[in-house]
Ligand SMILES: [Zn+2]
């Protein structure tokens with residue numbers, strides 16, 4: 001061990017749950033589409049933020065465990081919104097917590 005308590009999270013991962021087996025459940029999201037240029041109306045920025053389409057998913061990294069949310073959830077959120085605070089995000093969080101509590105698959109050694 002390097003002594004570091006934190007390792008870099010994979011790109012797109014927004015939350016992680018440590019499983020009892022020492023692996024992790026990763027919650028991540030992908031941008032399906034780049035955000036539109038913010039609309040500038042007159043002297044003020046439009047109050048309605050552009051919507052972006054994201055895919056929310058949860059996946060276990062335990063070796064031999066390919067568990068994940070049955071299907072990625074595609075949804076629209078305001079640009080700059082918080083995916084974890086959306087309904088699919090909350091659901092994925094709940095699933096991740098529940099799976100982390102019972103999954104005993106261990107992560108593959110990195111060396
Ligand atoms: Zn698992």
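Taken together, the values in this text are just the output of simple stated rules run on the coordinates, not laboratory data. Model, not experiment: these values are computed from the prediction. Cβ atoms come from the backbone with ideal geometry, glycine included; neighbour counts cover every protein chain shown.
Pop a pseudo-label 7 angstrom from the Cα along the beta-carbon direction at both residue 98 and residue 7 and give the gap in nm to one decimal. So the label points at residue 98 and residue 7 sit 2.8 nm apart.
Extension gain residue 30-residue 74, at 0.36 nm per residue separation less the Cα-Cα distance, in nm? Intermediate values should be presented prior to the final figure.
Details: separation 44, 0.36 × 44 = 15.84 nm, distance 0.93 nm.
In short, 14.9 nm is gained.
Can you work out the FRET efficiency for the pair residue 87 and residue 20, with r the C-beta to C-beta distance and R0 = 22 Å, to the nearest 0.05? Each step should come with its number before you reach the end.
Details: r = 27 Å, r/R0 = 1.24.
Efficiency at R0 = 22 Å is approximately 0.20.
Projecting label points 7 angstrom from Cα along Cα→Cβ for residue 53 and residue 110 puts them 3.5 nm apart. A protection proxy built from the mean count of other Cβ atoms within 10 Å ranks the segments 86-92, 7-13, 53-59, 72-78, most packed first, as 53-59, 86-92, 72-78, 7-13.
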